[in-house]
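Chemist: A single structure is presented below for examination.
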Amino acid sequence: MITAENTAQPTTPTVLLSISNVEARYGAVRALRGVSLDVPQGGFVAILGANGAGKSTTLKTISGLVEPEKGSIRYDGRAVTGQRPDAAVGRGISHVPEGREVFPFLTVRENLAMGAFTRRDRVGIAADLERVYGYFPILRERTGQQAGRLSGGQQQMLAIARALLAKPRLILLDEPSLGLSPRLIGEIFTILTRINREDGVTLMVVEQNARIALDHADYGYVLELGRVVLADTAARLRENEDVREFYLGHRAETVRGDARRWKRRKTWR
Ligand SMILES: Nc1ncnc2c1ncn2[C@@H]1O[C@H](COP(=O)(O)OP(=O)(O)OP(=O)(O)O)[C@@H](O)[C@H]1O
Ligand SMILES: [Mg+2]
């Protein structure tokens, strides 16, 4: 017999990515000092933190660009600690690095084709190309133009579009707002939200622009000196007094000690 009990849906979301006590260094520099975080399947997770906190390094350990010294990374139920970057791509992880890094002398179309280079399903690639042109109509207009001649915002769109053509399950985005106008930043985050909700792609976004990130993500982590110092829903982080003071530009009403370190940002936006 079908009862309410045995038809109930599981209430806890599946964890797609789980990082546990990850430590990483560049020579003598300890960049990560034991980072643990979970990213649910279909989630939109923001990673916040000051300059040098270890945000980019966290993404690099996931995509295999940096090998953790200690700790473990599980993706889709399997240990993937220290995997090579091509293995990460094969598992459906696309990394859009800081500074976008499009191929400047290739055309927009050729850049997009590079995103799909591991795929053989021509029909699927054509459909995905239409989908990214739908998200970013300017790329269709500029399809034959050299990527190096696009504006910064258009290059960021191209970098995201290229990541999408790999048909990823998880996209790692490193500071997509960097150097862009508030209008373009808003446009890009609106499209990221659609990619997350409509295509079900899990997003992990590193941002210095805490306001835009917390307005669009559903969960956030704050890093300080290679450690997670705060983890909560985006809604609660937006109301958190420390986040408001150090990342959202609000002044605390009370006099504070100077014991906190995570207050310096590269820029205030
Ligand atoms: N290639 C490298 N060689 C040496 N040290 C590095 C290298 N990359 C990063 N670091 C150091 O590791 C630490 C963490 O750097 P990371 O780039 O992960 O920080 P971040 O949070 O992304 O900072 P930002 O907001 O400036 O991008 C910093 O102290 C940084 O100086
Ligand atoms: Mg960085």
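Read-outs: derived from the displayed coordinates by stated rules, not from any lab. Here the structure is a predicted model, which is why all the values come from computation and not from measurement. For neighbour counting, all protein chains shown are included, and Cβ atoms are generated from backbone atoms with ideal geometry for every residue, glycine included.
Chemist: The stretch 8-59 to the stretch 124-183: how many Å between their Cα centroids?
Modeler: After rounding, the separation between the Cα centres reads 25 Å.
Chemist: Grab the alpha carbons of the chain, take their convex hull, and tell me the volume per residue in Å³. If you can, show how the numbers build up before the last one.
Modeler: On the way: hull volume 44.5 nm³, N = 269.
Convex hull volume per residue, Cα atoms: 166 Å³.
Chemist: Could you tell me the number of lysine pairs in the chain with C-alpha atoms less than 19 Å from each other, where the two lysines are 8 or more residues apart or belong to different chains?
Modeler: Summing the qualifying lysine pairs gives 4.
Chemist: Next question. Using Cβ contacts closer than 10 Å as the measure, can you line up E241, E224 from fewest to most? Each step should come with its number before you reach the end.
Modeler: Numbers: E241 12, E224 20.
With the sparsest Cβ surroundings first, the list reads E241, E224.
Chemist: Rounded to whole Hz and in sequence order, give me ³J(HN,Hα) for the stretch 71-80 from the Karplus expression 6.51 cos²θ - 1.76 cosθ + 1.60, θ = phi - 60°, writing x for Gly and Pro.
Modeler: x, 9, 10, 10, 9, 6, x, 10, 6, 10
Chemist: Using Cβ contacts closer than 10 Å as the measure, can you line up V123, V205 from fewest to most? Present the calculation step by step, with values, prior to reporting the outcome.
Modeler: Numbers: V123 7, V205 28.
Neighbour counts put them in this order, fewest first: V123, V205.
Chemist: Share of antiparallel DSSP beta bridges in the chain, in percent to the nearest 5?
Modeler: Details: 23 of 42 bridges.
Taking every DSSP beta bridge with both residues in the chain, the antiparallel ones total about 55 percent.
Chemist: Relative contact order for the chain: what percent, with Cα pairs under 8 Å and sequence separation of 6 or more? Intermediate values should be presented prior to the final figure.
Modeler: On the way: 489 pairs, mean separation 64.8, N = 269.
About 24 percent, as a whole number.
Chemist: Continuing with this model, one more query. Report the charge-dipole magnitude of the chain in Debye, nearest 20, computed about the Cα centre from +1 at each Lys and Arg Cβ and -1 at each Asp and Glu Cβ. It would help to have the intermediate numbers written out before the result.
Modeler: Details: 39 positive and 30 negative charges, 127 e Å.
The dipole of the chain has a size of about 620 debye.
Chemist: Quick one: 3J(HN,Hα) in Hz for the stretch 205-222, Karplus 6.51/-1.76/1.60 with θ = phi - 60°, rounded, Gly and Pro as x.
Modeler: Values, residue by residue: 10, 7, 9, 8, 7, 5, 4, 5, 5, 6, 6, 10, 6, 9, 9, x, 10, 10 Hz.
Chemist: Mind sorting T118, T202, T81 by how few other Cβ atoms lie within 10 Å of their own Cβ, fewest first? Don't skip to the end; give the middle numbers.
Modeler: Numbers: T118 11, T202 22, T81 17.
The most exposed by this proxy come first: T118, T81, T202.
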